[in-house]
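For reference, the structure is listed below as structure tokens.
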Amino acid sequence: MEIMQVVGRMVCTQRAAGLNHMDLRILRNNSGKQLVAVDPVGAREGNWVFTATGTAARFACPNPATQTDLTIEGIIDYWSPDG
Amino acid sequence: MEIMQVVGRMVCTQRAAGLNHMDLRILRNNSGKQLVAVDPVGAREGNWVFTATGTAARFACPNPATQTDLTIEGIIDYWSPDG
Amino acid sequence: MEIMQVVGRMVCTQRAAGLNHMDLRILRNNSGKQLVAVDPVGAREGNWVFTATGTAARFACPNPATQTDLTIEGIIDYWSPDG
Amino acid sequence: MEIMQVVGRMVCTQRAAGLNHMDLRILRNNSGKQLVAVDPVGAREGNWVFTATGTAARFACPNPATQTDLTIEGIIDYWSPDG
Amino acid sequence: MEIMQVVGRMVCTQRAAGLNHMDLRILRNNSGKQLVAVDPVGAREGNWVFTATGTAARFACPNPATQTDLTIEGIIDYWSPDG
């Protein structure tokens, strides 16, 4: 999973039927690129999140047939070295 | 999902059977590379769209057996910071 | 799907059983890298083609269990801006 | 599979239901990027591991429905030239 | 499929159950990066091989549930321009 930051919300009136009831977020990855993700966890702008791609992105949604290839899996509290 | 811009249409007389009835579009991604996508939403040249890859690309088509790895999922109206 | 050019043919006597009866082609992608693709459409050296990856690459073959992650989906005649 | 090094542990209270009981690790890949992986093998900070992506990442977990796209598959003891 | 060269063998005592009886090889891709692949064809150090990723990597193994995302599909004899 990749670590990204939430940048904002996206408005999109014409879209694939299978995305209808999901929130779409703009994320920025660690090389500065902006990507669109489905957000089932309720992340807010500025949050650091980790995201799944591929089939895992679909399985992370309430409906696994959601047509997403990038889904927020969790909001990061912090990370720490082992020990 | 990635954000790309529609550049044009592609003509291709010899193609895989499972793509027969789908419109093919040329998109430009954010590093300037041109890619071919299936377009089930009716995007036009100049539109900003977001696209799905992998199995999600197939599920975004009316027929999920469509042999695509890149499908336009929606046309972007605008995006905005949370608030 | 990505746009690539056919460079040549590959000979490979020891290979996975599920590739036995498929033609293998060497393609060059837009950053100059050479890749190996299954060719069910009969492309020739110099042709510009577009290719599918992932599960779509398998579904583009007569037998969807073909062990390919890159398959030629069509030969490009030309592309044009929308009008 | 890619070779990466374990950097630390991640704490994340809000996350997708299907990740609940899995340890999450921060790994560094060979270009210095930090990624989040599910760890079913018990790797420790500093260990060199190899990881699977895609559907293989899910199958490498006790529960194949785990919503992961990166899973540690093994801890590397050493590698050696053939012969 | 990508063209890579076999660099050596990897020893790894703690690994995912589904990889138990498969040989693991270290390959070098065309940008010099080292990757770990399952080898069902018996490649040797120095061989040029082509590899599959994704679901094709699993289907190229005797047991398609093998937890691999990179599998050697064949040993390259030579390649030649079309004629």
Within region A:46-59, is even one residue of a type in the set (Gly, Ala, Ser), within 11 Å of chain B (Cβ to nearest Cβ) and out of contact with any strand residue (DSSP E or B) (no Cβ under 8 Å at 6 or more places or on another chain)? no
Could you tell me whether any residue of region B:8-15 is surrounded by 22 or more Cβ atoms within 10 Å (Cβ to Cβ), under 21 Å from B:ASP77 (Cα atoms) and not charged (D, E, K, R)? no
Being in contact with a Phe, Trp or Tyr (Cβ under 8 Å, 6 or more places away or on another chain) and closer than 19 Å to E:ALA60 by Cα narrows it down to one residue among C:VAL11, C:VAL38; which is it? C:VAL11
Does A:GLY18 count as in contact (Cβ under 8 Å) with a residue 12 or more places away in the chain, touching a Phe, Trp or Tyr at 6+ places or on another chain (Cβ under 7 Å) and within 11 Å of chain B (Cβ to nearest Cβ)? yes
Hits in region B:49-60 (condition: closer than 16 Å to C:ALA56 by Cα and in a strand (DSSP E or B)): B:THR51, B:ALA52, B:THR53
Give the residue that is farthest from E:THR53 (Cα to Cα), with candidates limited to residues of region D:1-26 that are of a type outside the set (Val, Ile, Thr), touching a strand residue (DSSP E or B) at 6+ places or on another chain (Cβ under 8 Å) and assigned to a loop (DSSP other than H, G, I, E, B). D:CYS12
Picking from E:TRP79, E:TRP48, which residue would you name as being of a type in the set (Phe, Trp, Tyr), over 13 Å from the mean Cα position of the chain (by Cα) and within 16 Å of E:GLU2 (Cβ to Cβ)? E:TRP79
Would you mind telling me which numbered condition in (1) under 11 Å from the mean Cα position of the chain (by Cα); (2) more than 9 Å from every other protein chain (Cβ to nearest Cβ) C:VAL6 fails? (2)
Residues located in region B:62-83, provided they are of a type outside the set (A, V, I, L, M), in contact with a strand residue (DSSP E or B) (Cβ under 7 Å, 6 or more places away or on another chain) and within 9 Å of chain A (Cβ to nearest Cβ): B:THR71, B:GLU73, B:GLY74, B:ASP77, B:TYR78, B:TRP79, B:SER80, B:PRO81, B:ASP82
Between B:THR51, B:THR55, which is modelled with pLDDT of 90 or more and in contact with a Leu (Cβ under 6 Å, 6 or more places away or on another chain)? B:THR51
Return the residues of region A:32-83 that are among the hydroxyl-bearing types (Ser, Thr, Tyr) and under 22 Å from B:ILE72 (Cβ atoms); say none if nothing qualifies. A:THR51, A:THR53, A:THR55, A:THR66, A:THR68, A:THR71
Taking into account only those residues within region E:30-83 that are among the hydroxyl-bearing types (Ser, Thr, Tyr) and touching a Cys at 6+ places or on another chain (Cβ under 8 Å), which is farthest from D:THR68 (Cα to Cα)? E:THR71
Which residue out of A:ALA43, A:ALA37 is more than 21 Å from C:GLY54 (Cβ to Cβ) and under 11 Å from the mean Cα position of the chain (by Cα)? A:ALA43
If we keep only residues of region D:27-48 that are part of a loop (DSSP other than H, G, I, E, B) and of a type in the set (D, E, K, R), then the residue surrounded by the most Cβ atoms within 10 Å (Cβ to Cβ) is D:ASP39
Expected output for region D:25-44 (first residue more than 8 Å from every other protein chain (Cβ to nearest Cβ), partner part of a loop (DSSP other than H, G, I, E, B), Cβ below 7 Å, 6+ apart or cross-chain) is D:ARG25/D:ASP39; D:ARG25/D:ALA43; D:VAL38/D:MET22; D:VAL38/D:CYS61; D:VAL38/D:THR66; D:VAL38/D:THR68; D:ASP39/D:ASP23
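The values are calculated or read from the model by the stated rules, or taken from the named source; none is laboratory data. These numbers were taken from a predicted model, which means no experiment stands behind them. Positions of Cβ are generated from backbone atoms using ideal geometry, with glycine treated the same way; all protein chains shown enter the neighbour counts.
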